[in-house]
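J.: One structure, as structure tokens, below. Some questions next.
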Amino acid sequence: MNKTVNQKAWFLVLPVLILVAFSAVIPLMTVVNYSVQDTFGQNEFFWAGLIWFEDMLASDRMWDALGRQLMFSGIILAIQAPLGIFVALNMPKSGIWSSVCLVLMSLPLLIPWNVVGTIWQIFGRADIGLLGYTLDALGINYNYTQDTLDAWVTLIVMDVWHWTSLVALLAFAGLKSIPDAYYQAAKIDQASRWKVFRYIELPKMTGVLTIAILLRFMDSFKIYTEPFVVTGGGPGNSTTLLSIDLVKMALGQFDLGPAAAFSIMYFLVILLVSWVFYTVMTNLDKQEG
Amino acid sequence: MAKITLDNLAHSYLPNPASEADFALKELNHDWEDGAAYALLGSSGCGKSTLLNIISGLLQPSQGRILFDGEDVTHAPTTERNIAQVFQFPVVYDTMTVQDNLAFPLRNRGRDEGYVAQRVQDIAHMIGMEGVLRRKAQGLTADAKQKISLGRGMVREDVNALLFDEPLTVIDPHMKWELRTQLKTLHRDFGHTMIYVTHDQTEALTFADKVVVMYDGRVVQIGTPEELFERPEHTFVGYFIGSPGMNVIPAQVQGNRAVVNGSDIPLGQAYRPPEGKVEIGVRPEYARLSQTEGLPVQVRRVEDVGRHKIIRADFFGQDINIIAGEDDHVSADMNRVTFDADHVNVYANDWRVQGEAA
């Protein structure tokens with residue numbers, strides 16, 4: 001039997017190819033293109049090789065931003081993961097109050113980033129903001145525009161306020177999936193509250209927590225809008241996280257080459273860390289299996 | 001080990017039960033004797049698990065008291081009651097090894113490691129899992145997990161009672177038999193009070209000294225397997241126990257005769273005319289097909305199940321079952337049925353009526 005050869009089927013794939021090309025491949029390749037060229041304006045480009053990458057790797061500015069970024073992501077994960085689990089454990093499991101809690105918890109997640117930034121920016125001001133004014137009145141010298149520590153605390157509290165709900169909601173979903181018999185058996189076995197958490201609740205939450213932590217890591221590592229609105233990267237460079245620095249470099253100074261090299265490395269770092277996270281956590285799961 | 005007394009116990013899942021129908025477990029007085037093996041038998045949703053959870057303290061009853069050896073424990077938490085319970089679906093601690101799973105109840109009670117290791121070995125031997133002691137419990141099959149649950153239930157020697165809530169549902173038939181036998185052995189050797197919930201009559205009858213039959217939140221009969229078979233106190237017991245169950249036929253009863261559709265059926269005892277809905281109950285084992293005597297029936301089907309034949313027949317428009325011996329011949333002209341008078345029970349409103357010597 002002869003098979004009919006008909007290559008027209010390829011046309012069916014075309015829309016996807018076009019979509020992906022315009023949404024991902026072409027923009028990414030443009031950046032790659034910039035990262036190996038130099039320009040002095042007038043749309044004239046010269047081949048520069050890997051010089052921008054070398055420059056960037058030798059630049060203190062980038063390493064400092066990366067350090068701040070890692071510190072930021074580390075701190076918010078260290079707060080949000082345990083806090084989210086704690087909140088989920090203490091939420092009512094069913095009934096009207098459970099729904100009320102769920103809605104209240106979801107609210108911060110629905111607020112756009114720049115609005116969150118604005119809310120906290122005003123909230124923290126000593127002249128008109130409730131928080132800033134109160135702290136000031138209590139005699140605490142709080143000023144996020146001048147004091148590095150205050151700026152960091154503000155950003156971290158803001159992120160915790162904005163995103164802990166996500167971890168809590170995911171953890172809550174994990175908790176809800178545990179059948180009652182497990183708790184009953186634990187009572188029969190005279191397990192302490194800690195052991196119930198350690199041997200029943202935590203293992204059942206591992207899956208969703210992996211996702212929660214991964215999401216929180218990626219999101220916090222890319223964070224731009226909120227610190228930009230609140231501190232603008234200051235005071236000085238103390239809250240200039242990677243993406244803020246990148247935008248300054250690319251659009252502020254119009255250093256397209258270095259910025260392109262920077263963003264490629266930025267992308268690779270996120271990819272790498274996410275991969276490591278994922279592998280470690282899924283392996284942890286397997287070991288337990 | 002203890003005698004467990006239920007005193008006026010009842011439970012409703014509703015906050016303000018108004019009528020009797022609101023109670024999942026209707027008022028109940030009963031002593032579970034120390035060291036006896038009981039089976040709690042009934043169809044799904046009849047209150048078996050509710051009763052079990054009340055005894056173990058997972059549930060607080062709406063009314064009444066529970067006493068362990070005369071001591072009121074109605075409001076005592078589960079841990080103080082020192083009870084072991086195995087649930088219908090396997091509960092294992094996934095991240096622990098099989099060994100740690102079995103040791104868990106003992107370690108939580110602060111027993112020393114030497115003793116724990118010894119007990120774990122014994123139990124592992126009993127449930128046939130010595131080979132996998134060091135494996136993580138996650139990823140084991142459902143019946144292996146259930147064996148671990150059973151093992152965890154049996155690992156403590158000093159429990160007041162061992163409660164089983166349909167523990168063998170997920171286990172395959174061969175293993176079921178073996179585990180049940182082991183439970184019996186365990187009972188014989190250690191004499192724990194055991195309560196075994198099931199909806200499988202074979203399981204109940206082979207496991208227990210005494211079977212407690214529940215129906216619609218009520219205990220309808222407590223008795224030995226023989227009593228349940230010969231003298232079901234309630235039509236539900238007759239129907240639920242036996243395969244096929246008892247034939248229940250509407251009738252009028254006068255003295256030592258029952259009248260069905262104008263024909264007389266002799267009874268072993270004499271009865272005063274009972275009130276309400278009157279029925280007679282005859283087990284298929286005590287009905288016999290005949291060519292000449294008895295009442296007319298129409299045989300519809302004969303099922304040969306090996307040990308005996310089950311005859312499905314039509315008796316005045318009602319289905320009845322008759323059991324005939326394997327070698328008994330069933331011919332087309334056998335269109336009459338007789339009942340063994342001594343084994344015909346009389347029921348009024350579903351409850352058995354006590355007769356007087358005829």
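The values are calculated or read from the model by the stated rules, or taken from the named source; none is laboratory data. Given the structure is predicted, the values throughout are model-derived calculations rather than measurements. FYI the Cβ positions are ideal-geometry reconstructions off the backbone, even for glycines, and counts take in every protein chain you see.
J.: Could you please give the count of residues in segment A:249-263 that are aliphatic (A, V, I, L, M) and surrounded by fewer than 19 Cβ atoms within 10 Å (Cβ to Cβ)? Show your work before the answer.
T.: Kept after step one, since they are aliphatic (A, V, I, L, M), are these residues of segment A:249-263: A:249-251, A:256, A:259-261.
Filter once more, so that each one left must be surrounded by fewer than 19 Cβ atoms within 10 Å (Cβ to Cβ): A:251.
So the answer is 1.
J.: For residue B:15, all conditions in the list (1) touching a Phe, Trp or Tyr at 6+ places or on another chain (Cβ under 7 Å); (2) free of Cβ contacts under 8 Å to residues at least 24 places away in the same chain hold save one; what is the number of the exception?
T.: (1)
J.: Considering (1) more than 27 Å from residue B:209 (Cβ to Cβ); (2) within 12 Å of chain A (Cβ to nearest Cβ); (3) in contact with a Ser or Thr (Cβ under 7 Å, 6 or more places away or on another chain), say which one residue B:134 fails and leave the rest.
T.: For residue B:134, the failing item is (2).
J.: For segment B:236-257, state whether one or more residues are modelled with pLDDT of 85 or more, in a strand (DSSP E or B), within 25 Å of residue B:348 (Cβ to Cβ) and of a type in the set (Phe, Trp, Tyr).
T.: no
J.: Search segment B:84-97 for residues that are closer than 20 Å to residue B:54 by Cβ and pair each with any residue that is at pLDDT below 90 and acidic (Asp, Glu) when their beta-carbon atoms are under 8 Å apart and the residues are at least 6 apart or on different chains.
T.: If the second residue must be at pLDDT below 90 and acidic (Asp, Glu), the pairs left are B:85/B:165; B:86/B:165; B:87/B:165; B:88/B:165; B:88/B:166.
J.: Of the residues B:262, B:276, B:255, B:223, only one is within 22 Å of residue B:315 (Cα to Cα) and either of a type outside the set (A, V, I, L, M, F, W, C) or surrounded by fewer than 17 Cβ atoms within 10 Å (Cβ to Cβ) (or both); which? Spell out how you get there, then give the answer.
T.: Values: B:276 fails: within 22 Å of residue B:315 (Cα to Cα); B:255 fails: within 22 Å of residue B:315 (Cα to Cα); B:223 fails: within 22 Å of residue B:315 (Cα to Cα).
Answer to the check: B:262.
J.: What tally of residues in segment A:127-178 results from selecting those that are among the charged types (D, E, K, R) and within 27 Å of residue A:110 (Cα to Cα)?
T.: So in segment A:127-178, the residues among the charged types (D, E, K, R) come out as A:127, A:136, A:147, A:150, A:159, A:176.
Pick out the ones that are also within 27 Å of residue A:110 (Cα to Cα) and you get A:150, A:159, A:176.
Of the residues in that region, 3 qualify.
J.: If you don't mind, another one. Any idea which of B:23, B:68 is over 16 Å from the mean Cα position of the chain (by Cα), aromatic (Phe, Trp, Tyr) and closer than 29 Å to residue B:185 by Cβ? It would help to see each step written out before you state the result.
T.: On the way: B:23 fails: closer than 29 Å to residue B:185 by Cβ.
After ruling out the rest, the residue left standing is B:68.
J.: Just checking, how many residues over segment A:182-223 are over 16 Å from residue A:156 (Cβ atoms), among the aromatic types (Phe, Trp, Tyr) and in contact with a Leu (Cβ under 8 Å, 6 or more places away or on another chain)?
T.: Result for segment A:182-223: 1.
J.: A further question follows. Across segment B:128-148, what is the total count of residues that are buried (at least 23 other Cβ atoms within 10 Å of the Cβ) and either in contact with a strand residue (DSSP E or B) (Cβ under 9 Å, 6 or more places away or on another chain) or among the β-branched types (Val, Ile, Thr) (or both)? Give the derivation first.
T.: Here is the first cut: in segment B:128-148, the ones buried (at least 23 other Cβ atoms within 10 Å of the Cβ) are B:137, B:146-148.
From the residues that got through so far, the ones that are either in contact with a strand residue (DSSP E or B) (Cβ under 9 Å, 6 or more places away or on another chain) or among the β-branched types (Val, Ile, Thr) (or both) too are B:137, B:146, B:148.
Total satisfying the criteria: 3.
J.: Further, regarding this structure: Among the residues of segment A:247-260, which ones are assigned to a helix (DSSP H, G or I) and either without any contact (Cβ under 8 Å) to a residue 40 or more places away in the chain or touching a Leu at 6+ places or on another chain (Cβ under 8 Å) (or both)?
T.: Of segment A:247-260, the ones assigned to a helix (DSSP H, G or I) are A:247-252, A:256-260.
Answer for segment A:247-260, where residues must be assigned to a helix (DSSP H, G or I) and either without any contact (Cβ under 8 Å) to a residue 40 or more places away in the chain or touching a Leu at 6+ places or on another chain (Cβ under 8 Å) (or both): A:247, A:248, A:249, A:250, A:251, A:252, A:259.
J.: A further question on this structure: Could you pull out every one of the helices (runs of 4 or more DSSP H) wholly within segment B:7-125 that has 3 or more residues that are within 14 Å of chain A (Cβ to nearest Cβ) and of a type in the set (A, V, I, L, M, F, W, C)? Give the steps one after another, and end with the answer.
T.: Details: elements: B:48-56, B:78-81, B:98-108.
In segment B:7-125, B:48-56, B:98-108 are the helices (runs of 4 or more DSSP H) which contain 3 or more residues that are within 14 Å of chain A (Cβ to nearest Cβ) and of a type in the set (A, V, I, L, M, F, W, C).
J.: What residue, of A:242, A:215, A:202, is among the hydrophobic types (A, V, I, L, M, F, W, C) and within 19 Å of residue A:162 (Cα to Cα)? Steps first, answer last, please.
T.: Values: A:242 fails: within 19 Å of residue A:162 (Cα to Cα); A:202 fails: within 19 Å of residue A:162 (Cα to Cα).
After applying the criteria, what remains is A:215.
J.: Say whether the condition of being over 22 Å from residue B:200 (Cβ atoms) and surrounded by fewer than 22 Cβ atoms within 10 Å (Cβ to Cβ) is met by at least one residue in segment B:40-52. Even if it seems obvious, please write down each step before you answer.
T.: So the first thing to find is which residues in segment B:40-52 are over 22 Å from residue B:200 (Cβ atoms), and the list is none.
No, that holds for no residue.
J.: Considering only residues of segment B:166-184 that are part of a loop (DSSP other than H, G, I, E, B) and charged (D, E, K, R), which is farthest from the other protein chains (Cβ to nearest Cβ)? So that I can check it myself, show each step before the final result.
T.: Here is the first cut: in segment B:166-184, the ones part of a loop (DSSP other than H, G, I, E, B) are B:166-172.
Then drop every residue that is not charged (D, E, K, R), which leaves B:166, B:172.
Details: B:166: 12, B:172: 21 Å.
Ranking the candidates gives B:172 first.
J.: When you look at residue A:235, is it under 30 Å from residue A:120 (Cβ atoms) and not in a helix (DSSP H, G or I), yes or no? Show your work before the answer.
T.: Details: under 30 Å from residue A:120 (Cβ atoms): yes; not in a helix (DSSP H, G or I): yes.
For residue A:235, the condition - under 30 Å from residue A:120 (Cβ atoms) and not in a helix (DSSP H, G or I) - is met.
J.: Same structure, new question: Kindly state which strands (runs of 3 or more DSSP E) lie completely within segment B:315-358 and contain at least 3 residues that are touching a Cys at 6+ places or on another chain (Cβ under 9 Å).
T.: Values: elements: B:318-325, B:336-339, B:344-348.
Strands (runs of 3 or more DSSP E) meeting the threshold: none at all.
J.: If we keep just the residues of segment B:134-165 that are aliphatic (A, V, I, L, M), outside any loop (DSSP other than H, G, I, E, B) and in contact (Cβ under 8 Å) with a residue 60 or more places away in the chain, which is farthest from residue B:89 (Cα to Cα)?
T.: Going residue by residue through segment B:134-165, those that are aliphatic (A, V, I, L, M) are B:137, B:140, B:142, B:144, B:148, B:150, B:154-155, B:159, B:161-163.
Add one more test, that the residue is outside any loop (DSSP other than H, G, I, E, B), and what stays is B:142, B:144, B:148, B:150, B:154, B:161-163.
Subset that is in contact (Cβ under 8 Å) with a residue 60 or more places away in the chain: B:150, B:154, B:161-163.
Details: B:150: 11, B:154: 16, B:161: 20, B:162: 16, B:163: 14 Å.
If we take residues in segment B:134-165 being aliphatic (A, V, I, L, M), outside any loop (DSSP other than H, G, I, E, B) and in contact (Cβ under 8 Å) with a residue 60 or more places away in the chain, then B:161 is farthest from residue B:89 (Cα to Cα).
J.: Can I ask one more? Can you find even one residue in segment B:166-186 that is touching a residue at least 12 places away in the same chain (Cβ under 8 Å), more than 30 Å from residue B:295 (Cβ to Cβ), in contact with a Ser or Thr (Cβ under 7 Å, 6 or more places away or on another chain) and among the basic types (Lys, Arg)?
T.: Checked segment B:166-186: at least one residue is touching a residue at least 12 places away in the same chain (Cβ under 8 Å), more than 30 Å from residue B:295 (Cβ to Cβ), in contact with a Ser or Thr (Cβ under 7 Å, 6 or more places away or on another chain) and among the basic types (Lys, Arg).
J.: Still on this model: If we keep just the residues of segment B:329-358 that are hydrophobic (A, V, I, L, M, F, W, C) and over 18 Å from residue B:294 (Cβ atoms), which is surrounded by the most Cβ atoms within 10 Å (Cβ to Cβ)? Before the answer, list the steps.
T.: Here is the first cut: in segment B:329-358, the ones hydrophobic (A, V, I, L, M, F, W, C) are B:330, B:332, B:334, B:337, B:339, B:341, B:344, B:346, B:348, B:351, B:353, B:357-358.
Now restrict to residues that are over 18 Å from residue B:294 (Cβ atoms): B:346, B:348, B:351, B:353, B:357-358.
Numbers: B:346: 20, B:348: 16, B:351: 14, B:353: 18, B:357: 7, B:358: 13.
Of everything passing the filter in segment B:329-358, B:346 is surrounded by the most Cβ atoms within 10 Å (Cβ to Cβ).
J.: Across segment A:1-59, which residue is surrounded by the fewest Cβ atoms within 10 Å (Cβ to Cβ) among those that are among the hydroxyl-bearing types (Ser, Thr, Tyr) and assigned to a loop (DSSP other than H, G, I, E, B)? Break it down stepwise before answering.
T.: Taking segment A:1-59 as the starting set, the residues that turn out to be among the hydroxyl-bearing types (Ser, Thr, Tyr) are A:4, A:23, A:30, A:34-35, A:39, A:59.
Right, trim to assigned to a loop (DSSP other than H, G, I, E, B) and you get A:4, A:59.
Details: A:4: 5, A:59: 16.
Checked segment A:1-59; the qualifying residue surrounded by the fewest Cβ atoms within 10 Å (Cβ to Cβ) is A:4.
J.: Where in segment A:129-228 are there helices (runs of 4 or more DSSP H), lying fully within it, with 3 or more residues that are away from chain B (no Cβ under 14 Å) and either surrounded by fewer than 17 Cβ atoms within 10 Å (Cβ to Cβ) or under 25 Å from the mean Cα position of the chain (by Cα) (or both)?
T.: Details: elements: A:130-137, A:148-176, A:180-188, A:193-196, A:202-221.
Here the list reads A:130-137, A:148-176, A:202-221.
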